[in-house]
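The values are calculated or read from the model by the stated rules, or taken from the named source; none is laboratory data. Everything numeric here is computed off the predicted structure, so don't read it as measured data. Virtual Cβ from ideal backbone geometry, glycine too; neighbours counted across all protein chains shown.
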Amino acid sequence: MHANSPWIPAPVPPATVLLPGPVVVPVFSGLSRVESTEEKAKKQTAEERKRRNRVAAQRSNMKRKLACDAIRVQLKPLREKVDELRKREGALREENLAMKKQVDNS
């Protein structure tokens, strides 16, 4: 900028905005505003609700995990039983075919 210019940029505090010309307008970020008692109470209520919800979600997740673990424990022997029964079925089918061949050959 030229030294004789009517608008010379100067160091700007963080909460201001420079406009073309000699006007400086303060900007309110909302951080300097004092919260009312009602706003604090609403904020506290919302935080408490979030905390209760988080605790309830943790409890629910733990219950679900325990239920899934219990089902997995029950599932292992059932799968073993299914495998055993399938093997027995295969053996019985083979035995049945062998007996049918014997009957057909007689």
Taking the stated definitions as given, is Ser106 small (Gly, Ala, Ser) and modelled with pLDDT under 95?
yes
Pairs returned, first residue in region 42-63 that is part of a helix (DSSP H, G or I), second residue that is loosely packed, with under 10 Cβ neighbours inside 10 Å, beta-carbon separation under 9 angstrom, 6 or more apart or interchain, are none
